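Enquirer: Supplied in structure tokens, the structure appears directly below.
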Amino acid sequence: MRDDSTSQGGKGGRRIRRRHLAVATGLTLAALAATTALATWGTDTVAPADARAKAGEDGKGAFGSVDCREAKCIALTFDAGPGKDTPELLDTLKHEKVPATFFLLGKNHVKKHPEVVRRLAAEGHEVANHTWTHGILTDLSTDEIRAELDRTQQAIKDITGKEPTLMRPPQGRTDDKVSKVCEELGLSQVLWSVTAKDYATTDSDLIEKRVLDQAGRDGIILLHDIYDGTVPAVPGIIKALKAQGYTFVTVPQLMAPGVPEPGTVYRP
């Protein structure tokens with residue numbers, strides 16, 4: 001859906017734009033607002049390099065096209081889909097031979113686009129969990145946290161035959177209670193080091209610039225394949241980072257030979 005309000009300046013224009021985006025993607029305004037806040041983390045995190053070092057030579061994690069202990073790796077991740085533009089994104093990733101990690105929303109996304117979820121898995125991307133309704137997990141009870149995650153686990157398993165092993169907490173908010181539920185469900189938590197704030201702009205060139213300005217070795221890039229400016233920015237991001245010597249890998253491949261541990265929070 002084209003956002004005709006983008007020409008309106010100031011705070012009012014931004015509110016209108018976000019309202020239109022929320023309607024287009026199925027996110028509630030409250031959930032969308034949560035994506036705009038700066039993430040805060042309530043527990044210790046583990047860097048990919050530390051996960052690799054801890055595994056030593058006996059780790060069982062599967063490598064991608066390179067060994068990230070030696071190569072300059074970076075992980076491209078997408079939140080809150082799949083959406084209407086995800087097939088176009090998948091075409092780009094296939095053409096560029098780039099694997100990515102997709103943190104999927106259950107309600108209105110996984111349930112609405114099962115064929116896209118099936119394609120994600122079939123084409124070698126990592127299919128991961130981003131909760132059922134984008135609820136802020138630290139605000140919920142233990143039972144509510146479990147329901148947010150488990151419903152999405154089961155919906156993805158019904159489509160792909162496999163439950164995810166990774167999740168991303170909405171707004172990056174986690175704590176010991178969330179970590180305990182994740183451990184019970186076999187889910188590792190994945191945060192990020194690069195954000196383009198693509199929820200707030202439809203300017204693909206700006207999204208690309210923000211990513212390139214923040215990119216670094218072992219980086220985890222956070223984008224959303226549900227916003228109008230994001231998918232058109234991806235070819236330029238890939239081309240520029242490849243030219244800088246980066247190899248794209250999934251999040252588990254970034255940690256190989258380490259294996260992400262359930263409950264643990266990973267962040268570069």
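Enquirer: So for the pair Asp176, Gln154, with labels modelled 7 Å out along Cα→Cβ, what separation do we get in nm?
Expert: 3.0 nm
Enquirer: Heavy atoms only, 1.4 Å probe, whole protein assembly: order Thr92, Thr131 by accessible area, highest first.
Expert: Ranked list, largest accessible area first: Thr92, Thr131.
Enquirer: Using the eigenvalues of the Cα gyration tensor, what equivalent ellipsoid semi-axes result for the stretch 70-122 when each is taken as the square root of five times the eigenvalue, whole Å, largest first?
Expert: 22, 12, 9
Enquirer: To continue, here is another question. What is the sum of charges around Lys97, taking Lys and Arg as +1, Asp and Glu as -1, for the other residues whose C-beta is under 15 Å from the C-beta of Lys97?
Expert: Surrounding charge for Lys97 is 0.
Enquirer: A further question follows. I need the Debye-formula profile for the stretch 113-207: one equal scatterer per C-alpha, no solvent, reported as log10 I(q)/I(0) at q = 0.15, 0.16, 0.21, 0.22 1/Å, two decimals.
Expert: These q points yield log10 I(q)/I(0) values of -0.65, -0.73, -1.06, -1.11.
Enquirer: In debye to the nearest 20, how big a dipole does the stretch 146-202 give about its Cα centre with +1 on each Lys and Arg Cβ and -1 on each Asp and Glu Cβ?
Expert: My answer is approximately 100 debye.
Enquirer: My understanding is that a pair violates if its Cα-Cα distance is over 28 Å; which of Lys84/Lys177; Lys112/Lys180; Lys60/Lys111; Lys112/Lys162 do that in this structure?
Expert: Correct reply: Lys84/Lys177; Lys112/Lys180; Lys60/Lys111.
Enquirer: Can I ask one more? Sticking to Cα atoms, compute the Rg of the stretch 64-167 to one decimal and its Dmax as the biggest Cα-Cα distance, whole number, in Å.
Expert: Radius of gyration, then largest Cα-Cα span, for the stretch 64-167: 14.4, 43 Å.
Enquirer: What do the square roots of 5 times the Cα gyration tensor eigenvalues come to for the stretch 143-194, in whole Å, largest first, as semi-axes of the equivalent ellipsoid?
Expert: The answer is 19, 14, 9 Å, longest axis first.
Enquirer: Now for a different question. Which trypsin sites (Lys or Arg not before Pro) from the stretch 70-119 combine a DSSP loop assignment with at most 13 other Cβ atoms within 10 Å?
Expert: Qualifying residues, ordered by number: Lys97.
The values are calculated or read from the model by the stated rules, or taken from the named source; none is laboratory data. This one's a predicted model, so the numbers in the text were calculated from it and none came from an experiment. We place every Cβ from the backbone using ideal geometry, glycine too, and count neighbours over all the protein chains shown. All accessible areas refer to the heavy atoms of the entire protein, side chains included, with ligands and DNA or RNA removed. Shrake-Rupley method; radii C 1.70, N 1.55, O 1.52, S 1.80 Å.
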